[in-house]
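Here is the structure we will look at, set down as structure tokens.
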Amino acid sequence: MLSSRASDKYIPTLDGWRAIAIALVMCAHGSDELRDWLAPLGLRLEIPHELGLLGVQVFFAMSGFLITTKMLDAERSSRGFSRRDFYLRRVFRILPASMTFLAVVGVLALCGVLDVTPGRWLSTVLFWANYSTAAGTWYVGHFWSLAVEEHFYMLWPLVFVLVRSPRPRLAVVVAAIALVALWRAVSFKFGIGTASMAVFWGRTDIVADGILCGVAVALALRHEPWASRLKRVLAHPAATPVLVAAVVLIETIALPDWKATLALLSLKLVLLPLAILSTVMRPDGLLARPLEWRALRWIGRISYSLYLYQQLFLVWDVAQAPGLRAFQTLPASLLFALACAYASYRWIETPMIQLGHRWMRSRTAALA
């Protein structure tokens, strides 16, 4: 059943999706180096820089769906949903690895290896990178998406607690998706709130529907008649191929009209969590089976740390740091990114998550 599988603590298919998402980001970030690396072999490969955004959108869709599913499961448990517990889990899960990475970047900046201003570094530490007007830099540029995630983690539990009935919750989220899409179009048309398109496309108020669509799918799965309809549609063998093909088609279409482009973007954000969920429901499907390959699952498990550290090594030509040139050339760049990510996962992420679990269990026992 979809509902039981989606509630499991570990869903291997989703690790496969995480691997796909981080692979899209890494291919986009390493595209210039890959092009130069293949050129002497007579091979021409042009990977669009924008491909990385699709990877982030996959992460957003999964985040909204999984976080909301866990919140709904906690609400149905004997203890109920606790905002304090939720925030503490996020602290143990997110902050140790990200703050360690930022400490590394800070040290490299102080040593003159990287060009990162104090203002940019501080705004990144405070998860305000996607609104900051401080001088930008490649090496913490990816924190715009982590800022979006953190804003979601802060705000969604508040709404979740205030709106307790399933139908109003779903209505609020659907309305929020529509409002974000409308606000994005109006802001884009009239240039509201920013003088930079790079900042514009990273703002939480502009891209939040990428996460909210995942939230809406999770809520719909717990609310009839939408749950039955979703399960029936996603159980069809053609569901995954059609949804994935639609996403790929939207990603490759270039339209001159900005209104059509934004409309297709909204459609893609709706389709992504449905495509992901269809593979969770039918893990034996032709497109779903590879997602559970061992290698992909391993990449998926370290994908958070890999997302952090790939930014040091997989770099566009215009952002290369002379002091790190030897580390930013293929295949060394890929190997160093994987090595640093694994070290972060093995010695920072995992121990801190386990510490958080032990702390939560001891707190639960003390309150029993």
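Every number here is computed from the coordinates shown, using simple stated rules; none is lab data. Everything quoted here is computed from the prediction, not taken from an experiment. Note that each Cβ is placed from the backbone with ideal geometry, even for glycine, and that neighbours are counted across all protein chains shown.
Annotations for the structure displayed:
- Subset of region 69-114 [of a type outside the set (A, V, I, L, M) and part of a loop (DSSP other than H, G, I, E, B)]: Ser77, Ser78, Arg79, Gly80, Phe81, Ser82, Cys111, Gly112
Here's the yes/no breakdown for (1) in contact (Cβ under 8 Å) with a residue 24 or more places away in the chain; (2) crowded, with 19+ Cβ neighbours inside 10 Å:
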{"position": "Val105", "(1), (2)": "yes, yes"}
{"position": "Gly112", "(1), (2)": "yes, no"}
{"position": "Val116", "(1), (2)": "yes, yes"}
{"position": "Glu150", "(1), (2)": "yes, yes"}
{"position": "Leu155", "(1), (2)": "no, no"}
{"position": "Pro166", "(1), (2)": "yes, no"}
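- Taking region 250-364 and the helices (runs of 4 or more DSSP H) fully enclosed by it, the elements with 2 or more residues that are of a type in the set (D, E, K, R) are at 258-281, 294-301.
- Of residues in region 119-138 being buried (at least 16 other Cβ atoms within 10 Å of the Cβ) and of a type in the set (S, T, N, Q), the one nearest to Ala321 (Cα to Cα): Thr137
- In region 171-205, the residues that are more than 24 Å from Ala220 (Cβ to Cβ) and under 22 Å from the mean Cα position of the chain (by Cα): Met197, Ala198, Val199, Phe200, Trp201, Gly202, Arg203
- Among all positions in region 42-65, there is no residue which is over 16 Å from the mean Cα position of the chain (by Cα), of a type in the set (A, V, I, L, M) and not in a loop (DSSP other than H, G, I, E, B).
Here is a yes/no grid of residues against (1) among the small types (Gly, Ala, Ser); (2) in contact (Cβ under 8 Å) with a residue 40 or more places away in the chain:
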| position | (1), (2) |
| --- | --- |
| Cys27 | no, no |
| Glu33 | no, yes |
| Leu41 | no, no |
| Leu45 | no, no |
| Gly64 | yes, yes |
| Arg76 | no, no |
| Gly80 | yes, no |
| Asp85 | no, yes |
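- Residue in region 240-249 that is more than 19 Å from Val174 (Cβ to Cβ) and outside any helix (DSSP H, G or I) present: no
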